[in-house]
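Inspection log for the structure reproduced underneath, given as structure tokens.
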Amino acid sequence: QVQLVESGGGLVQAGGSLRLSCAASGRTFSSSAMGWFRQAPGKEREFVATISWTGGSTYYADSVQGRFTISRDNAKNTVYLQMNTLKPEDTAVYYCAQAAMVTRTPSDYHYWGQGTQVTVSS
């Protein structure tokens, strides 16, 4: 059984930074791709970033490219999302998820965390 627990969300002013963490249980983490998604009120869940099991391949949504960085530490079963130059439109609940391979498609992810709120004030 895989469990994913996000942390690191909070309230930050525009232009600020936050680092989200996602701690995974289970023995499949180091062989799985991981992704971050977000969902703002009244909107559909959207892809943010994904990383391969080695960490050698990463992909980002156009809206966060150059501002966000996804990384992972397989020894700690943890994936991170460093978010810089935050904007009010980045406000959302952020979820981490686990998949068999890197993908932008939410339905390809088999396990999801409970989410962590990120609020960016203007």
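Of all residues in segment 84-106, those that are among the small types (Gly, Ala, Ser) have Cβ atoms under 7 Å from Cβ atoms of residues that are open to solvent by 40 Å² or more (accessible area, probe 1.4 Å), 6 or more apart or on another chain, in Ala92/Gln39; Ala97/Tyr111; Ala97/Trp112; Ala99/Asp108; Ala99/His110. Inspect all residues belonging to segment 62-73 and state whether any of them is in contact with a Lys or Arg (Cβ under 8 Å, 6 or more places away or on another chain), over 21 Å from Val2 (Cβ atoms) and either among the small types (Gly, Ala, Ser) or open to solvent by 50 Å² or more (accessible area, probe 1.4 Å) (or both). Looking for residues that are in contact with a Lys or Arg (Cβ under 8 Å, 6 or more places away or on another chain), over 21 Å from Val2 (Cβ atoms) and either among the small types (Gly, Ala, Ser) or open to solvent by 50 Å² or more (accessible area, probe 1.4 Å) (or both), one finds none in segment 62-73, hence no. Looking only at residues in segment 98-122 that are more than 12 Å from Met34 (Cβ to Cβ) and in contact with a Ser or Thr (Cβ under 8 Å, 6 or more places away or on another chain), the one that is most open to solvent (accessible area, probe 1.4 Å) is Arg104. Residues that are β-branched (Val, Ile, Thr) and over 15 Å from the mean Cα position of the chain (by Cα) were ranked within segment 1-53; the one that is surrounded by the most Cβ atoms within 10 Å (Cβ to Cβ) is Val12.
Take segment 72-97 and flag every residue that is out of contact with any helix residue (DSSP H, G or I) (no Cβ under 7 Å at 6 or more places or on another chain) and closer than 18 Å to Tyr109 by Cβ. Scanning segment 72-97 gives Arg72, Thr78, Val79, Tyr80, Leu81, Ala92, Val93, Tyr94, Tyr95, Cys96, Ala97. Only one of the numbered conditions (1) open to solvent by 10 Å² or more (accessible area, probe 1.4 Å); (2) out of contact with any Cys (no Cβ under 9 Å at 6 or more places or on another chain) is violated by Tyr95, and that is (2).
The values are calculated or read from the model by the stated rules, or taken from the named source; none is laboratory data. Since this is a predicted model, take the numbers as computed values, not measurements. Every residue, glycine as well, gets a Cβ built from its backbone with ideal geometry; the counts of neighbours run over all protein chains shown. Each accessible area value is taken on the protein alone, full model and side chains, heavy atoms only, with ligands, DNA and RNA left out. Shrake-Rupley method; radii C 1.70, N 1.55, O 1.52, S 1.80 Å.
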